Each structure stands twice: as C-alpha cells, then as structure tokens.
Amino acid sequence: MSVRFSTRELGDFGIAWVALGVAFTFFILSSVGRSLFAVFSSAGTGLLLRVFLVSMLTVGVAFLLHELAHKVVAVRFGQVAEFRADYTMLALAVGAGLAGFLFAAPGAVYHRGRITDRERGLVALAGPVTNLLLIPVFAPLFLLAGGFLGEVGQLGITINAALAAFNMLPFGPLDGRTVRSWSNVVFGLAFLASAGTGIIAILFVGFPY
C-alpha cells in the first residue's frame, strides 16, 4: 500500500489546519469572555499566540489525523482518495469563532473505486476511532504536566472526544450515518463509546481557559 499526496491536497490540508487553528482560537477567547480587541492589542498578543499554538497542536492535529485515517484506510481498500478543503465552510468557521460559536466543517476525503459496504463503513469508522486513540496520547500531558503542555493535554482530550462523538452522529454526511448503513451493531458500539467519552471529557476535562 502506497499513500501519496498531491500538491493541491497538501495545500488544502495546510490551509484547513491553519484556518481551524484561527477559528478555535477566536472561539476559545470569546467563550471565556476575552475581548478580541484587547487580545489583538500589544498587551494581549502573548495570549493570542499561546491559544493559537495550543489550537494548532490539538484541534489541528485532531482534524488532520482524522482525515488522514479516512484516506489511509480508503487507499488500503484500493481506492483513489484525496482530501479537499471546503473554503466556504472554513471562512464560516472563522466567522463563527469571531462571533463566539463553535462550527467546523473543513472539508472531507473523497474516494472513488469499487468498494463494499463493509469497506465503506470501515473507511468512515477510521476517523472517529483515530480521535479516540489520540485521547490517551494527550492524557499524560493533562494529568502530569502543567502550564503550556497541560493546556495542550486538556484541549487535546476534549477536542478529540468531541470530534469523535460529533462525527458518529448518524445524520447527513457524517461518519456515523455511513457506519450505520453498514452495521447497526458496529455503529451502536462506536456511537456509545464516542458519545460516552465526549460527555465525560466535556464534564470533567473541559477547556483550559
């Protein structure tokens, strides 16, 4: 199996990563009552850069590896697969962050070729499962580290748990709908694991700011 990336795909990944980092930076600062005007002043620049870096290392990584998992599994099943950013949705995400709302639909991995329902379900399942597997990677930072690394660990847990839970909803273009169309049993187990982890993370881990 050989996973290749086109120049356009790498560009789309990079733009989506930065745009999501900006969107979540604005959302986090707005949600904790920080005035964006004050943050953009010289006195608040340090906080702005800190939150942006934390967002890039958590939200950006969660999104990037989620989509990469879709691509890798699709290629494993003989598909031609590439990520495409949705620039309209990325602009809306940044605007929503400025307004204090959480919204993110950065794009998707599109794949083509002959594929079974089981394989299509596994491609969809790969994204949320990857987010769940990232939680124990961030957990030691949250539990053992303080300061900047502790913030990375805390947001990393919450974002990955929330992303897994959201994507397992069985609606629209979300992964949960594709998994459910393949297997109700697999969907039920994955949904319960993702939703339960998401609720626990939001209630007991939360956001660092």
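The values are calculated or read from the model by the stated rules, or taken from the named source; none is laboratory data. Just so you know, these numbers come straight off a predicted model, no measurement behind them. Here Cβ is always computed from backbone atoms with ideal geometry, including for glycine, and neighbour counts include all displayed protein chains. Note: accessible area is taken over every heavy atom of the protein model, side chains too, but ligands, DNA and RNA are not part of it. Shrake-Rupley method; radii C 1.70, N 1.55, O 1.52, S 1.80 Å.
Looking at Val94, Val109, which is the one that is of a type in the set (Val, Ile, Thr) and either out of contact with any helix residue (DSSP H, G or I) (no Cβ under 7 Å at 6 or more places or on another chain) or free of Cβ contacts under 8 Å to residues at least 60 places away in the same chain (or both)? First the steps, then the outcome.
Details: Val94 fails: either out of contact with any helix residue (DSSP H, G or I) (no Cβ under 7 Å at 6 or more places or on another chain) or free of Cβ contacts under 8 Å to residues at least 60 places away in the same chain (or both).
Of Val94, Val109, the one residue that is of a type in the set (Val, Ile, Thr) and either out of contact with any helix residue (DSSP H, G or I) (no Cβ under 7 Å at 6 or more places or on another chain) or free of Cβ contacts under 8 Å to residues at least 60 places away in the same chain (or both) is Val109.
What number of residues in the range 128-141 are β-branched (Val, Ile, Thr), open to solvent by 40 Å² or more (accessible area, probe 1.4 Å) and closer than 22 Å to Leu169 by Cβ? Steps first, please.
From the range 128-141, those β-branched (Val, Ile, Thr) are 129-130, 135, 137; that's our starting set.
Subsequent filtering for residues that are open to solvent by 40 Å² or more (accessible area, probe 1.4 Å) retains 129, 137.
Going one step further and asking which of them are closer than 22 Å to Leu169 by Cβ, we end up with 129.
The total comes to 1.
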Quiz item: Which members of the range 170-196 meet the condition of being modelled with pLDDT of 95 or more, assigned to a loop (DSSP other than H, G, I, E, B) and open to solvent by 40 Å² or more (accessible area, probe 1.4 Å)?
Solution: none
Self-check item: Residues (aliphatic (A, V, I, L, M) and either at positive phi or surrounded by fewer than 21 Cβ atoms within 10 Å (Cβ to Cβ) (or both)) located in the range 142-160
Solution: Leu143, Leu144, Ala145, Leu149
Practice problem: Could you look through the range 68-86, keep only residues that are among the hydrophobic types (A, V, I, L, M, F, W, C) and in contact with a strand residue (DSSP E or B) (Cβ under 7 Å, 6 or more places away or on another chain), and pick out the one that is most open to solvent (accessible area, probe 1.4 Å)? | Solution: Val80
Quiz item: Would you call Ala108 buried (at least 21 other Cβ atoms within 10 Å of the Cβ) and among the small types (Gly, Ala, Ser)?
Solution: no
Quiz prompt | Considering residues of the range 197-209 that are out of contact with any Leu (no Cβ under 8 Å at 6 or more places or on another chain) and at negative phi only, the residue most open to solvent (accessible area, probe 1.4 Å) | solution = Phe204
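Tally time: how many residues in the range 87-105 are in contact with a strand residue (DSSP E or B) (Cβ under 9 Å, 6 or more places away or on another chain) and open to solvent by less than 60 Å² (accessible area, probe 1.4 Å)?
Restricting attention to the range 87-105, the residues satisfying the condition of being in contact with a strand residue (DSSP E or B) (Cβ under 9 Å, 6 or more places away or on another chain) are 87, 89-90.
Then keep just the ones that are open to solvent by less than 60 Å² (accessible area, probe 1.4 Å); that gives 90.
Residues that pass the stated criteria total 1.
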Practice problem: Can you run down the residue pairs with Cβ atoms below 8 Å, 6 or more apart or on separate chains, where the first is in the range 164-183 and closer than 19 Å to Asn131 by Cα and the partner is part of a loop (DSSP other than H, G, I, E, B) and open to solvent by 60 Å² or more (accessible area, probe 1.4 Å)? | Solution: Arg177/Phe171
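Of all residues being open to solvent by 20 Å² or more (accessible area, probe 1.4 Å) and touching a strand residue (DSSP E or B) at 6+ places or on another chain (Cβ under 8 Å) in the range 111-127, which is nearest to Glu82 (Cα to Cα)? Just the residue, please. Give the derivation first.
Going through the range 111-127, the residues open to solvent by 20 Å² or more (accessible area, probe 1.4 Å) turn out to be 111-120, 122, 125.
Going one step further and asking which of them are touching a strand residue (DSSP E or B) at 6+ places or on another chain (Cβ under 8 Å), we end up with 111-113.
Numbers: His111: 7, Arg112: 9, Gly113: 12 Å.
Across the range 111-127, the extreme among qualifying residues is His111.
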Quiz item: List the pairs whose first member sits in the range 28-56 and is at pLDDT below 75, whose second member is part of a helix (DSSP H, G or I) and open to solvent by 80 Å² or more (accessible area, probe 1.4 Å), and whose Cβ atoms are under 8 Å apart, counting only residues at least 6 apart or on separate chains?
Solution: Leu36/Leu98
